[in-house]
Amino acid sequence: GAEDSKELFDRILLKEVIHHVPRPRQPLFERLLSSRLAEGGKLLVVTRPQTDIDYPLFSKAKIVWVKNQPRAEDIMEDMTGAGFSDVSFDAFSFLSLMG
């Protein structure tokens, strides 16, 4: 059928995407991603933490930032519910990755 003709991917990268999907629709979005991964495929979600950030934003923009960033726990729960296995979370400081 039409489902069988969909291309499957070994790897999917979401970088700074998940917070653009409205929170109520994230589980549906993640199920869609799961359906597009080949057996043994990997999904990597890169996003900034749901904390106050050290960005040159005005105070109201920072409030909106924190409100719209999903919690890591919610992303992990949704991923597990969408059928992903071996779901894990790691946090890194950008500066620590630079050397």
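The values are calculated or read from the model by the stated rules, or taken from the named source; none is laboratory data. Only a predicted model underlies this, so the values are computations on that prediction, with no experimental measurement involved. As a convention, Cβ positions derive from the backbone with ideal geometry for all residues, glycine included, and neighbour counts pool all protein chains shown. Surface accessibility is based on the protein's heavy atoms, side chains included, excluding ligands, DNA and RNA. Shrake-Rupley method; radii C 1.70, N 1.55, O 1.52, S 1.80 Å.
Structure data summary
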{"item": "Residues (open to solvent by 100 Å² or more (accessible area, probe 1.4 Å) and either part of a strand (DSSP E or B) or closer than 18 Å to Arg25 by Cα (or both)) located in region 45-70", "result": "Lys67"}
{"item": "Any hit, region 80-92, residues being open to solvent by 100 Å² or more (accessible area, probe 1.4 Å) and either at pLDDT below 80 or touching a Pro at 6+ places or on another chain (Cβ under 8 Å) (or both)", "result": "yes"}
{"item": "Residue selected from region 1-25 under the condition touching a residue at least 40 places away in the same chain (Cβ under 8 Å) and under 20 Å from Asp90 (Cα atoms), by the criterion surrounded by the fewest Cβ atoms within 10 Å (Cβ to Cβ)", "result": "His19"}
